[in-house]
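> First, the structure itself, so that you have it in front of you.
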Amino acid sequence: MPKSEELESSSGGNGQIRYRSPSSAELYLEGQTTPLSSTTLGVSSASSPSLSDNSSHLQEAHHSFDKMLKKNKYQQESFMDKLYRFRGIILVITLPLLLISFVLYMMPRPTDDGYSPRKMKTGSIVGGNRYAVIFDAGSSGSRVHVFCFDKNLDLVPIGDDLELFVQKKPGLSAYASDPQKAANSLVSLLEQAEAVVPKELLEKTPVRVGATAGLRQLDGDAPERILQAVKDLLKDKSELKSDPNWVTVLDGTQEGAFQWVTINYLLGNLGKKYSRTVGVVDLGGGSVQMAYAVSESDAANAPKVSEGEETYVRDMYLKGRKYHLYVHSYLHYGLLAARAEILKAIGDSENPCILTGYQGSYKYGGSQYEVSASPSGAAVDSCKEFASKALKVNQTCTHMQCSFGGVWNGGGGDGQKNLFVASFFFDRAAEAGFIDSKKPVVTVRPLDFKEAANLACGTKFEEGKSKYPDVEDGNLPYLCLDLVYQYTLLVDGFGLEPSQEMTLVKKVPYKNSQVEAAWPLGSAIDVMSSLA
């Protein structure tokens, strides 16, 4: 019997057949159960279910189907629908995050050249290139550096090089009794510096004079009178922007810190972990500086110093990273000053450090020392004993670790593993002939200085003129002494292994150019950053 007729009979109607479309619930039930039959519906059976039972089945079917529709609705909901439905929650979460990000973006950041106590100010270099003129008034001579920077404080070429560098001898300290003559010795350097600065920028270009160890060692008020004469010279005879506070005697830690920053800046190390930076030993005429980055724990354990003394560790912010920099300047232990210290240690004894056949005198720091070679000739081991005595390597150490003279050595560590040694280390190595002076960066060992000393100490003074043609006449008698001292300083003083490799540096490659590896670059960045 057709389904339509079954429905007609069960309804007990008037005999007319009514057709209707099945409901969604009925379709759902039909898909979930077996086809309906007369047996299941039981229209002719006495035991068949009532219509009210079927009605209840249909209601349950409708309820189940509605739930299924809702479920399918959410399953098929698009990403944009979900985004719209949860828009309130999303706004509550994202708005605070955006606000925090904006505040962090606007906060001042650590300066790229954080060795300066001032924060970086870029106002002085925005809108074009700017210049800085820096005088390095050292004990062995005066030097002028001219740097050009872009708005990001990157070096810009001056002609074919990235700087102008000119030097002359002697230094300011050679005119201790005549301050005006000391100042006038800078005139030729000043004129050459002004010549490379565009005329329209002269009055905006800062000029700094940093006197180092040589001037520090003069007696009485000689340093102050010389500096005043230099200040007057710049004020009266130069178009450059000058300030009395920019003509100073640098303390040893400033000099060492600037040197460290200069070399690591040029090598591209700033902003990296401290273990990726290099340590620097700068052997000047009057003092030697050691500077390298140490760990936070070593910095925390640095010995306390008395009031007025230089601290061992200074914090610097460079390229967004904080560095703990161990810096110490050893006054009286630059190469020229060390000669005097060694000669004092030798006293009236036979001098095993001077080339055979030489007799004369050595003047330094206002004092004169009689110098006479030993009849038995120079000898490395005997000379080294006096060099160690002058360095006071056996002086009592009240700290955990000392270098020489009872000075804390910084604790060593990764920041000291790669050492760059500069200034007189490079010069004497080139003059002794064991490096090529035309190569600005050379890898050597402390042992190389000792081997060169063996050759030099076995040379007679007269023979030395032809054997060492690059050595100036005034330095030739002391070539043996200088090389022995440098070896002793590195091994006994700073604790290096004789075979440890280190880098002798005169200039550092930077953007296809060569830049002098000296502290004035750091000073230039400092003064440029300070200008509003």
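The values are calculated or read from the model by the stated rules, or taken from the named source; none is laboratory data. Small disclaimer: the values here were computed from a predicted structure and weren't measured. Neighbour counts are summed over all protein chains in view; Cβ atoms, including those assigned to glycine, are modelled from backbone coordinates with ideal geometry. The accessibility values were calculated without ligands, DNA or RNA, using every heavy atom of the protein model including side chains. Shrake-Rupley method; radii C 1.70, N 1.55, O 1.52, S 1.80 Å.
> Failed condition for residue 451, given (1) outside any helix (DSSP H, G or I); (2) surrounded by fewer than 20 Cβ atoms within 10 Å (Cβ to Cβ), with all others met?
(1)
> Inside segment 416-460, can you point out the residues that are aromatic (Phe, Trp, Tyr) and under 26 Å from residue 375 (Cα atoms)? Show your work before the answer.
We begin by selecting, within segment 416-460, every residue aromatic (Phe, Trp, Tyr); these are 420, 424-426, 434, 449.
Of everything in segment 416-460, just one residue is aromatic (Phe, Trp, Tyr) and under 26 Å from residue 375 (Cα atoms), namely 449.
> Which condition number in (1) of a type outside the set (Asp, Glu); (2) out of contact with any strand residue (DSSP E or B) (no Cβ under 7 Å at 6 or more places or on another chain); (3) touching a residue at least 24 places away in the same chain (Cβ under 8 Å); (4) open to solvent by 70 Å² or more (accessible area, probe 1.4 Å) is the one that residue 418 fails?
Every condition holds for residue 418 apart from (2).
> Take the conditions outside any loop (DSSP other than H, G, I, E, B) and among the small types (Gly, Ala, Ser) and apply them to residue 474. Does it pass?
no
> I've got another one for you. What tally of residues in segment 203-213 results from selecting those that are part of a helix (DSSP H, G or I) and open to solvent by 10 Å² or more (accessible area, probe 1.4 Å)? Walk me through it before giving the result.
We begin by selecting, within segment 203-213, every residue part of a helix (DSSP H, G or I); these are 203-204, 213.
The next check asks that each one be open to solvent by 10 Å² or more (accessible area, probe 1.4 Å); those that pass are 203-204.
Residues that pass the stated criteria total 2.
> Identify, from the list 343, 336, 355, the residue that is of a type in the set (A, V, I, L, M, F, W, C), within 43 Å of the chain's Cα centre (by Cα) and farther than 29 Å from residue 280 by Cα.
355 is the lone residue from the list that is of a type in the set (A, V, I, L, M, F, W, C), within 43 Å of the chain's Cα centre (by Cα) and farther than 29 Å from residue 280 by Cα.
> Can you say whether residue 235 is over 25 Å from residue 443 (Cα atoms), open to solvent by 10 Å² or more (accessible area, probe 1.4 Å), of a type in the set (Lys, Arg) and part of a helix (DSSP H, G or I), as far as the supplied structure shows?
yes
> I'm trying to understand the selection: among the residues of segment 408-435, which are part of a helix (DSSP H, G or I) and more than 18 Å from residue 257 (Cβ to Cβ)?
Scanning segment 408-435 gives 414, 424, 425, 426, 427, 428, 429, 430, 431, 432.
> For segment 300-325, name all the residues that are touching a residue at least 60 places away in the same chain (Cβ under 8 Å) and closer than 20 Å to residue 392 by Cβ.
303, 312
> Another question, then. If you go through segment 161-195 one residue at a time, how many are of a type in the set (A, V, I, L, M, F, W, C), part of a helix (DSSP H, G or I) and either modelled with pLDDT of 95 or more or open to solvent by less than 30 Å² (accessible area, probe 1.4 Å) (or both)?
8
> Further, regarding this structure: Quick one: residue 508 ticks every box in (1) more than 30 Å from residue 164 (Cβ to Cβ); (2) open to solvent by less than 40 Å² (accessible area, probe 1.4 Å) bar one, so which box is it?
Here residue 508 meets the rest and fails (1).
> OK, next. Find the residue count for segment 362-394, including only residues that are basic (Lys, Arg) and part of a helix (DSSP H, G or I).
2
> Give me a count of the residues in segment 399-431 that are within 21 Å of residue 341 (Cα to Cα) and of a type in the set (D, E, K, R).
2
> Residue 405 - would you say it is touching a residue at least 24 places away in the same chain (Cβ under 8 Å), in a loop (DSSP other than H, G, I, E, B) and open to solvent by less than 40 Å² (accessible area, probe 1.4 Å)?
So residue 405 passes the test.
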